[in-house]
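Novice: Sharing a structure here in structure tokens format.
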Amino acid sequence: MKLPSAISVISGFARTTQALCSVYPAARGQAAVLFSVIVGLQYRGSRGDIYNILWAVVFGFATLNILSLAARRLEPKRRGLSFGELLAVIVVLLSVFLLGWEMLTLFHIFPIKLKR
């Protein structure tokens, strides 16, 4: 029985690693979608709870983007905002506006009723 040479073992390992590296992102994405679907099907809470989770996700990502903007200001020779950074600022502003609207509705300030 002939043992494989070191070069063929290394090249076989490299091919396997390259194949795994190309398949891994797709498998990871499918696992995330599958997990989300299972959690969604098993969840028995109200619709309001789901909206609260979505609000937390939006504010979390927006906060991370704003922190990255603040860190980027420390870099020399970078001016202006990229599209993603501009989008992050717009999302934060819209979220704060909608949160304010929601709070005004919660405290019965909205809807404003005009008397005739």
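Novice: For a protection proxy built on the mean count of beta-carbon atoms within 10 angstrom, sort 57-66, 36-45 highest first, please.
Specialist: Highest mean packing first, the order is 57-66, 36-45.
Novice: With a 1.4 Å probe and all protein chains left in place, how much accessible area per residue does segment 49-116 have, in Å²?
Specialist: Per-residue value: 90 Å².
Novice: Hey, another quick one. Loop-only check: which chymotrypsin sites (Phe, Trp or Tyr not before Pro) in segment 73-110 are DSSP coil with at most 13 other Cβ within 10 angstrom?
Specialist: Here the sparse-neighbourhood loop sites are 107.
Novice: Between residue 77 and residue 44, what is the label-point separation in nm under the 7 Å Cα-to-beta-carbon projection?
Specialist: 6.0
The values are calculated or read from the model by the stated rules, or taken from the named source; none is laboratory data. This structure is a prediction, so every number in the text was calculated from the model and none was measured. Note that each Cβ is placed from the backbone with ideal geometry, even for glycine, and that neighbours are counted across all protein chains shown. With ligands, DNA and RNA removed, areas are computed over all heavy atoms of the protein, side chains included. Shrake-Rupley method; radii C 1.70, N 1.55, O 1.52, S 1.80 Å.
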